[in-house]
1. Looking at the stretch 53-66, I want the residues that are more than 21 Å from I223 (Cα to Cα) and have a partner that is hydrophobic (A, V, I, L, M, F, W, C) and crowded, with 19+ Cβ neighbours inside 10 Å with Cβ atoms under 7 Å, at least 6 apart or on another chain. Which pairs are those?
2. Looking at the stretch 241-256, which of its residues are surrounded by 19 or more Cβ atoms within 10 Å (Cβ to Cβ) and touching a residue at least 60 places away in the same chain (Cβ under 8 Å)?
3. Of everything in the stretch 70-97, what is within 26 Å of V246 (Cα to Cα) and surrounded by fewer than 21 Cβ atoms within 10 Å (Cβ to Cβ)? Give them in sequence order.
4. Just one of the numbered conditions (1) touching a strand residue (DSSP E or B) at 6+ places or on another chain (Cβ under 6 Å); (2) farther than 30 Å from D176 by Cα is not true of F242; which one?
5. Quickly run through the stretch 91-117 and pick out the residues that are assigned to a loop (DSSP other than H, G, I, E, B) and of a type in the set (A, V, I, L, M).
6. Among G340, G370, which is surrounded by 20 or more Cβ atoms within 10 Å (Cβ to Cβ) and on the phi > 0 side of the Ramachandran plot?
7. Given the structure, is I271 more than 30 Å from P102 (Cα to Cα), modelled with pLDDT of 95 or more, surrounded by fewer than 14 Cβ atoms within 10 Å (Cβ to Cβ) and among the hydrophobic types (A, V, I, L, M, F, W, C)?
8. Do we have any residue at all in the stretch 68-79 that's touching a strand residue (DSSP E or B) at 6+ places or on another chain (Cβ under 8 Å), at pLDDT below 95 and over 17 Å from T17 (Cβ atoms)?
Amino acid sequence: MFWGTSATYVVGLDVGTTKVCTLIARLLPETVGSAGASPSQGWETVSFASVRSRGVQRATVVDLEEAASAVAESLDRAEQTGGVEIQSVWVGITGHHIRAHPVTVTLTLPDEETDITTEHLEELHRRAQKPYLRDDQCVLHLLPRQFIINGVGGIRRPLGLTAREIRLQGLIVTADASFVRSLTACVRKAGVEVAGMVLEPLAAGEAVLTESEKELGTVVMDIGGGTTDVAVFLEGALVDTFALPVGGNHVTRDLAIGLRTPLEEAERLKIRYGSALPQKVGDEAVEVLELGQGKPRPVAKRALAEIIEARMRELFELAAERLQRGGWTSLLAGGIVLTGGGSLLEGVAELAQEIFNLPVRIGEPMLSPGSPHELRNPMYATLIGLVLHALRHHQKVAESTPLWRRWLHRCWQRVKNLWR
């Protein structure tokens, strides 16, 4: 957090393949210590910084020194802009090592009828996580889908209810322990601590989905530089997640190879002229710098679009096959929401709709009033989601805090604000 104001500020850190982003947010006084505030309205932006990523490939730290240097640069810029000193950050994590495990555990209470307490829920959590507590992996999240009490399901908040038997159904998300250690070492080498690690597609879903979409069944596809993260939300909870080894950088590389042009030129062409729908591109040509020649040559825009379409079609077909195999396709009334830098390609939503045969929209993150306009961009959905996740964490802590302590905390916040 921050020196002297640990309960007021949170920091999101997104260490990606193409960029490293830092967002410092201040929790509003009425939110800190409050269990009822809306996450999308309970914070305001203090500062934001984005730098080019280094030492990271396909969401994996491959050069600790370079990666830590990029993280430190992003943190420093955010600190200087915001006029604050960062102590700890909420970090996004993803990659092929992430695994999702459906779990069901049961606790039979000793008495015939007993009020469910925090201790009972903690015991359920311990039983659910126990099979996955190994040296080679870490448990990132235990995400309850529902509680079944005395055979009655669909219960979201069991605390205080009376029961003889409690059953928890949910999802355990694990990560490779060596990957977690590498990412933690990278952040610490940049001079800050890790307040928590959050699955990136879970964070992106927090930022772009409505409560109705989470309830009815919706998929978030976060198309990053090195990978595409997929998260399935149903009945208000994350029910499945996986990563695909295809991202925006693969499109850039395909263009560079197909057009015999440098990677920097291919990236420029993708951003400026790229489209995933060749049939909607005109016959005009663009100038392309030829590799090793130092001079441009004309290339039809349709040729660019055909290369882009092939890779994006591959990505969506991989995702569709995986969703079909998981049995989710028929349950997705909310359709598909695309985020990440790759979602900005022209025609990408239309191509996705053709392949999934489901409604598709581009997901812009939900921001607090007064946030910088540049953050209203799908490529920052994960970053915004990290802040929202941190805010929810504060709210859960508040819910478990006695009322008299919450009242004292709010009074203290008012005194500090008046003093300022």
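The values are calculated or read from the model by the stated rules, or taken from the named source; none is laboratory data. The model shown is predicted, which means the values in this text are computed figures rather than measured ones. Cβ atoms come from the backbone with ideal geometry, glycine included; neighbour counts cover every protein chain shown.
1. From the stretch 53-66, the pairs are L64/C186.
2. T241, F242, A243, V246, G247, G248, N249, H250, V251
3. G95, H96, H97
4. Just one mismatch for F242, condition (2).
5. I98, L109, I116
6. Matching residue, one of G340, G370: G340.
7. No: the conditions fail for I271.
8. The answer is no, given that none of the residues of the stretch 68-79 is touching a strand residue (DSSP E or B) at 6+ places or on another chain (Cβ under 8 Å), at pLDDT below 95 and over 17 Å from T17 (Cβ atoms).
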